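Scroll down for the structure; my scribbles are underneath it.
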Amino acid sequence: MPGAGAGLPAPKAASPCATIARPRTALCLAPQQTRSPEGFSLSQALVPPSPAAAAGAAGAAAGEQALVSIEGVSFAYDSRPVLTDVSLKFARGKLIAIMGNSGCGKTTLLRLIGGVVTPQSGRVLFSGVHVDTGDLKALYALRRRMGMLFQFGALFTDLSVYDNVAFPLREHTSLDEDMIRDIVLLKLEAVGLRGAAPLRIGEISGGMARRVALARAVALDPEIILYDEPFTGLDPIALGITANLIRRLNDATGATSLIVSHDVTECFQICDYAYLLSSGRVVAHGTPQELQESTDPEVRQFIRGEPDGPVRFHYPSPPIAQELGINP
Amino acid sequence: MSKKQTETLVGGFVLLGLLAILFLALKAANLASFSFDSTYTLQARFDEIGGLKVQAPVKSAGVTVGRIASITFDNKTFQALVTLQIDQHYQFPTDTSAKILTAGLLGDRYLGLEAGGDDKNLKPGDTIKMVQSAIVLESLISSFLYNKAAESPKDAGAKK
Amino acid sequence: MTLLAFPGLVGRRCLALLAALGHATLFFVDLLRHLPGALRRPYLCIVQVHAIGNRSLSIIGASGAAVGLVLALQGYMTLSRYGQSDSLGLLVAVALVRELGPVLTALLFAGRAGTSLTAEIGLMKSGEQLAAMEMMAVDPRVRVLAPRFVAGIFCMPVLGAIFSVVGILAAYVIGVLMIGLDPGQFWSQMQDGVDVVKDVGNGVVKTVVFGVAATFIALYIGYESQATPEGVALATTRTVVVSSLVVLFLDFILTALMFTAP
């Protein structure tokens, strides 16, 4: 892992970064004023996870306050139920994967945490605060502590790579351009795209776009990073890069990472804990090891990718002999 | 596109717009002759104003010296009461006559002032005594026909 | 479809139209609420003025010239019959400043700037850019929509004035330089007949009103478009149609209010 400041031009002013010693940092952010009113200090996020937390499961460990708490949440789109009485707790500093087949409600979970949709029953707590979609100001204050990586990057196409990563800094902090430049370059360095800073969004590939989006998502060093299907549609090299980046970021910043994906192989390689959703319920959870050794048929079918099992191969239909008019 | 470039181009755009509006106001419209000078009021009564409208020009010797401020009907004298706003710079003698004239052959009506010879000038609020009403085409034609009709029997009588 | 189902369909359509109208009104009020926020970030508005105004200059200028030329030719043909060809300047100026300038500029604006706004917002929505902005705790209505609204309202009067001026100059070229009318009469009749407040002023008011309408419609339709390529394409055509109809309807109302004799 490259040390901070490797290969970067000498900073114009005496950058506070140089005076702070940080173990294995790919990112470095000096604690300074931000616009968030509740006094959130960015340096909080740079504390590496304590050894005790790393050893245990990511589930509700005794005495540890969960960063995100989903309590008895039910959600339905119009009349179609998506989530039914789901309760989850995500502790700080863990890399958690939420997996399941299409339509099981994984992306909806992310939307609930981000406050994009409101649950019909139950509630979502972020760091003990209720995620209330009615109060826009409070919601925005919470969102400033989150980072989200959208499936295809969702970069602003009219801005350059540099401006995209600088966007949250310019909007939410009152840092001057020199400071912002340092931070942006460091973030891009962490994802390996510092050289691509002047490029326009139309000039970069899909994999690069996702990495730029990742740099943008962590620009303000959020407490939690939400990944919506980060492995979809990537070639093997980009896949390896992305998985590696997600893990390194999680370790370096101590942020919680929540990955929604159905790529079992990659997820199991990097996550600390995983949840398996099916038809709006949690059917299994555990460390990757536990899930791989599970004997539950639903879990086995999903993990091994078996074509037929609890999730049937055939769409419900009358017997084929009947359809073809053959009398057996 | 750098910030400076964008701002310069937008500034140019705005300048173009301002010039366009200025052009319209000065060259195309009558802003140049729009005077904020103070005016004084005069009055005149007419039997017939024709198509005279409010804001029609008041001209003397062909030069606009003021505007018609209001036109009302006096129910007692059954005449039209016309209020004029004359530019403060122009003073007219008390025996000035006011005529309702037509600009061109079929143009709009305006009020023409012909100065008299008196040494005393009209004061604000005065009424112009000598007036000539508008010439209405129908009356002109009917009086012409009447004259013609009156003429022919006389001629016929004289010839006989 | 059976005949009996027809009234039901019409009724549902009417209700849907009412709902859309209500939703649009709330959106409009919301947009107005966020205007001050946009005005506090002038650079965003300036960038949009460049995108909307500067980029429309060529089509507005070309159209203004074309309309001025045609007005001059047609006007001369008719006026010369009554020996009034000296009034050509007046004819062209009044027609442009009062009516053709504001209306044609608005229609062209809807076609060029309106569709680009709709497509831009629609694509931003389908590319999840607006959702990403929301997740970054930046209100897209303040950051994206309101600056474009401000820019549209600002650009319309400017473009309208430029249209009228180019038209008048083009008419001058035809009337005086080519046909040989007297330039003095051309300008003096115009100055005599065109009132600053009543004609030029009302023309500017019209362009502002049209600007508000056309820009709002473009932004609304783009924001509410379906997040698919077909949805965006449908939205851009709808912008042109709805903007044009609304502009023409507003023109009728404004002309009735402004230019009919009291």
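Any chance the stretch B:103-111 includes a residue that's within 14 Å of chain C (Cβ to nearest Cβ) and either modelled with pLDDT of 85 or more or not in a loop (DSSP other than H, G, I, E, B) (or both)? Within the stretch B:103-111, one or more residues are within 14 Å of chain C (Cβ to nearest Cβ) and either modelled with pLDDT of 85 or more or not in a loop (DSSP other than H, G, I, E, B) (or both). For the stretch C:97-105, state whether one or more residues are away from chain B (no Cβ under 14 Å), farther than 19 Å from C:Val200 by Cβ and within 20 Å of the chain's Cα centre (by Cα). Checked the stretch C:97-105: no residue is away from chain B (no Cβ under 14 Å), farther than 19 Å from C:Val200 by Cβ and within 20 Å of the chain's Cα centre (by Cα). Of all the listed residues (C:Leu18, C:Leu69, C:Leu57, C:Leu79), the sole one being modelled with pLDDT under 90 and over 20 Å from C:Ile121 (Cβ atoms) is C:Leu18.
The set of residues from the stretch C:214-236 being in a helix (DSSP H, G or I) and either free of Cβ contacts under 8 Å to residues at least 12 places away in the same chain or small (Gly, Ala, Ser) (or both) comprises C:Ala214, C:Ala218, C:Gly222, C:Glu230, C:Gly231, C:Ala233, C:Leu234, C:Ala235.
Scanning the stretch A:148-168 for residues that are within 21 Å of the chain's Cα centre (by Cα) and at the interface with chain C (Cβ under 8 Å from one of its Cβ atoms) turns up A:Met148, A:Phe150, A:Gln151, A:Phe152, A:Ala154, A:Leu155, A:Phe156, A:Phe167, A:Pro168.
If the condition is being within 19 Å of the chain's Cα centre (by Cα) and within 10 Å of chain C (Cβ to nearest Cβ), then the stretch A:115-139 contributes A:Gly115, A:Val116, A:Leu139. Looking across the stretch A:68-81, the residues that are modelled with pLDDT under 85 and either closer than 17 Å to A:Ala284 by Cα or not in a strand (DSSP E or B) (or both) come down to A:Asp78, A:Ser79.
Within the stretch A:237-284, the set of residues being small (Gly, Ala, Ser) and either touching a Leu at 6+ places or on another chain (Cβ under 8 Å) or without any contact (Cβ under 8 Å) to a residue 40 or more places away in the chain (or both) comprises A:Ala238, A:Gly240, A:Ala243, A:Ala252, A:Gly254, A:Ala255, A:Ser257, A:Ala274, A:Gly280, A:Ala284.
Looking at (1) closer than 27 Å to C:Phe252 by Cβ; (2) within 14 Å of chain B (Cβ to nearest Cβ), find the lone condition where C:Leu31 falls short. Of the numbered conditions (1) closer than 27 Å to C:Phe252 by Cβ; (2) within 14 Å of chain B (Cβ to nearest Cβ), the odd one out for C:Leu31 is (2). Of the candidates A:Leu142, A:Leu214, A:Leu185, the single residue that is under 30 Å from A:Val86 (Cα atoms), more than 12 Å from chain C (Cβ to nearest Cβ), touching a Phe, Trp or Tyr at 6+ places or on another chain (Cβ under 9 Å) and part of a helix (DSSP H, G or I) is A:Leu214. Restricting attention to the stretch A:111-131, the residues that are assigned to a loop (DSSP other than H, G, I, E, B) and within 20 Å of A:Leu258 (Cα to Cα) add up to 8. Counting only helices (runs of 4 or more DSSP H) that sit completely within the stretch A:279-328, those holding 2 or more residues that are more than 31 Å from the chain's Cα centre (by Cα) correspond to A:320-324.
Using the structure shown, decide if B:Val58 is of a type in the set (A, V, I, L, M), modelled with pLDDT under 90 and within 15 Å of B:Ala134 (Cα to Cα). The answer is yes for B:Val58.
Filtered by the rule that a residue be under 13 Å from the mean Cα position of the chain (by Cα) and more than 29 Å from A:Tyr140 (Cβ to Cβ), the stretch A:219-247 gives A:Phe231, A:Ala243, A:Arg247.
Of everything in the stretch C:141-187 that is free of Cβ contacts under 8 Å to residues at least 60 places away in the same chain and crowded, with 22+ Cβ neighbours inside 10 Å, the residue that is farthest from C:Val209 (Cα to Cα) is C:Val144. For the stretch B:123-135, indicate whether the set of residues that are charged (D, E, K, R), in contact with a strand residue (DSSP E or B) (Cβ under 7 Å, 6 or more places away or on another chain), closer than 23 Å to B:Glu48 by Cβ and at pLDDT below 90 is non-empty. Looking through the stretch B:123-135, at least one residue is charged (D, E, K, R), in contact with a strand residue (DSSP E or B) (Cβ under 7 Å, 6 or more places away or on another chain), closer than 23 Å to B:Glu48 by Cβ and at pLDDT below 90.
Reported count of residues in the stretch C:189-208, each being more than 8 Å from chain B (Cβ to nearest Cβ) and either free of Cβ contacts under 8 Å to residues at least 60 places away in the same chain or of a type in the set (A, V, I, L, M, F, W, C) (or both), is 4. Restricted to the stretch A:217-233, and to residues that are of a type outside the set (D, E, K, R) and assigned to a loop (DSSP other than H, G, I, E, B), which residue is surrounded by the fewest Cβ atoms within 10 Å (Cβ to Cβ)? Filtering first and then ranking leaves A:Gly233.
Does the stretch A:193-211 hold any residues that are surrounded by fewer than 24 Cβ atoms within 10 Å (Cβ to Cβ) and either part of a helix (DSSP H, G or I) or modelled with pLDDT under 90 (or both), and which are they?
Correct list: A:Arg194, A:Gly195, A:Ala196, A:Ile201, A:Gly202, A:Glu203, A:Ser205, A:Gly206, A:Gly207, A:Met208, A:Ala209.
Taking the stated definitions as given, is C:Ala110 facing another protein chain (nearest Cβ under 8 Å), crowded, with 23+ Cβ neighbours inside 10 Å, farther than 30 Å from A:Val131 by Cβ and not basic (Lys, Arg)?
Here the answer is no, as C:Ala110 does not meet what is asked.
Please find, within the stretch C:210-227, the residue that is modelled with the lowest pLDDT out of those that are surrounded by fewer than 20 Cβ atoms within 10 Å (Cβ to Cβ) and more than 14 Å from every other protein chain (Cβ to nearest Cβ). The residue in question is C:Gln226. Within the stretch B:117-137, the set of residues being surrounded by 15 or more Cβ atoms within 10 Å (Cβ to Cβ) and part of a loop (DSSP other than H, G, I, E, B) comprises B:Leu122, B:Asp126, B:Ser133, B:Ala134.
Condition check ((1) part of a helix (DSSP H, G or I); (2) among the aromatic types (Phe, Trp, Tyr); (3) closer than 21 Å to C:Ile60 by Cα) across all residues:
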| site | (1), (2), (3) |
| --- | --- |
| C:Ala171 | yes, no, yes |
| C:Leu177 | yes, no, no |
| C:Phe186 | yes, yes, no |
| C:Lys198 | yes, no, no |
| C:Asn202 | yes, no, yes |
| C:Thr207 | yes, no, yes |
| C:Gly211 | yes, no, yes |
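Of all residues in the stretch A:149-163, at least one satisfies being crowded, with 19+ Cβ neighbours inside 10 Å, under 15 Å from A:Leu226 (Cβ atoms) and among the aliphatic types (A, V, I, L, M).
The values are calculated or read from the model by the stated rules, or taken from the named source; none is laboratory data. As the structure is a computational prediction, the values presented were derived from the model and not from experiment. Neighbour counts run over all protein chains shown; Cβ positions are idealised from the backbone, glycine included.
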